[in-house]
Amino acid sequence: MSNLSAHAAAQNHQISLLRALIAEDPKVVNSPDLDGRTPLHWAAFSGAIDIARFLIDQKAEVDKPDNSGWTPLHIAVSAGHEDVVQELVGAGADVNRKNDKGITPLHYAASKSRIDIGRLLISRGADINAKDKANQVPLHRAATTGSVGFIRLLLDSSAPGGAKIRLNTGDRIGNTPLHLAMESAHAEAAVLLINAGADRGRLNQDGEAPEDVPGVGGSEQRQAKQHVIDSCGRP
């Protein structure tokens, strides 16, 4: 039986087959496929919690990266499998591990507005100000998608004496989270950021303040700008 059968078994929730394969050859537990993914990566992808638990019990490497630097935790977070995330974190998975693009699991949780998963990651020490290779923090991701709930989670996690959320971090082209919220016409997200102290006068590398970015344009952009003015006044 091939190692590839073990990866397929993990992906397709075939725990009996996987048990047999590992009994025949224990090294299958951490064997990589052509993309560098182990059976645990595929269990994380498909949300196979029973298989994830079995593999962890069989000494699967929870932080083993694939060829793009994704660990099983990155995959489980991106796919939204909260129970697998809990299992991996409980087994010691590194919540701040970065993939080849410098992206942490919390970045992916923010991009997908996975609030409960984000709360779990933060409770286990995820860095709310971690920067990827585009110099974006999780708040940039939440602002881009207009996830008011995730923005609130990040703001609420900025506790006195602990890590303080950085509202005005510029990405590699100088855009702050507020720039990105306005660019996508996410007015409620923009208002939330402004009320939390985001700098409405911060310029990006094109010399644009957040409320001056062209964004999606048209009536949607005009309505978003007007909503921000109505809620927060003029800059």
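The values are calculated or read from the model by the stated rules, or taken from the named source; none is laboratory data. The shown structure was predicted, so the numbers you read here are calculated from the model rather than taken from an experiment. Cβ placement follows ideal geometry from the backbone for every residue including glycine, while neighbour counts extend to all protein chains displayed. Calculation scope for accessible area: heavy atoms of the full protein, side chains included, ligands and nucleic acids excluded. Shrake-Rupley method; radii C 1.70, N 1.55, O 1.52, S 1.80 Å.
Got at least one residue in the stretch 52-71 being touching a Lys or Arg at 6+ places or on another chain (Cβ under 7 Å) and charged (D, E, K, R)? Yes, the stretch 52-71 contains at least one residue that is touching a Lys or Arg at 6+ places or on another chain (Cβ under 7 Å) and charged (D, E, K, R).
Within the stretch 49-63, can one find any residue that is in a loop (DSSP other than H, G, I, E, B) and acidic (Asp, Glu)?
Yes, the stretch 49-63 contains at least one residue that is in a loop (DSSP other than H, G, I, E, B) and acidic (Asp, Glu).
In the set (1) closer than 21 Å to residue 137 by Cα; (2) without any contact (Cβ under 8 Å) to a residue 24 or more places away in the chain, residue 23 fails one condition alone, (1). Scanning the stretch 124-144 for residues that are open to solvent by less than 20 Å² (accessible area, probe 1.4 Å) and either polar (S, T, N, Q) or assigned to a loop (DSSP other than H, G, I, E, B) (or both) yields a count of 6. Cβ-Cβ distances below 7 Å connect the following pairs, each with a first residue in the stretch 196-215 that is in contact (Cβ under 8 Å) with a residue 40 or more places away in the chain, a second residue that is assigned to a loop (DSSP other than H, G, I, E, B), and a separation of six or more residues or different chains: 196/167.
Pairing residues of the stretch 42-63 that are more than 17 Å from residue 74 (Cβ to Cβ) with residues that are open to solvent by 80 Å² or more (accessible area, probe 1.4 Å), at Cβ distances under 8 Å and at least 6 apart in sequence or on separate chains, gives 50/13; 51/13; 54/19; 58/26.
Results for (1) hydroxyl-bearing (Ser, Thr, Tyr); (2) within 25 Å of the chain's Cα centre (by Cα); (3) open to solvent by less than 20 Å² (accessible area, probe 1.4 Å), shown as yes or no for each residue.
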{"site": "7", "(1), (2), (3)": "no, yes, yes"}
{"site": "18", "(1), (2), (3)": "no, no, yes"}
{"site": "24", "(1), (2), (3)": "no, no, no"}
{"site": "27", "(1), (2), (3)": "no, no, no"}
{"site": "55", "(1), (2), (3)": "no, yes, yes"}
{"site": "74", "(1), (2), (3)": "no, yes, yes"}
{"site": "77", "(1), (2), (3)": "no, yes, yes"}
{"site": "85", "(1), (2), (3)": "no, yes, yes"}
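Residue count for the stretch 92-123 under the criterion of being on the phi > 0 side of the Ramachandran plot and surrounded by fewer than 19 Cβ atoms within 10 Å (Cβ to Cβ): the result is 2.
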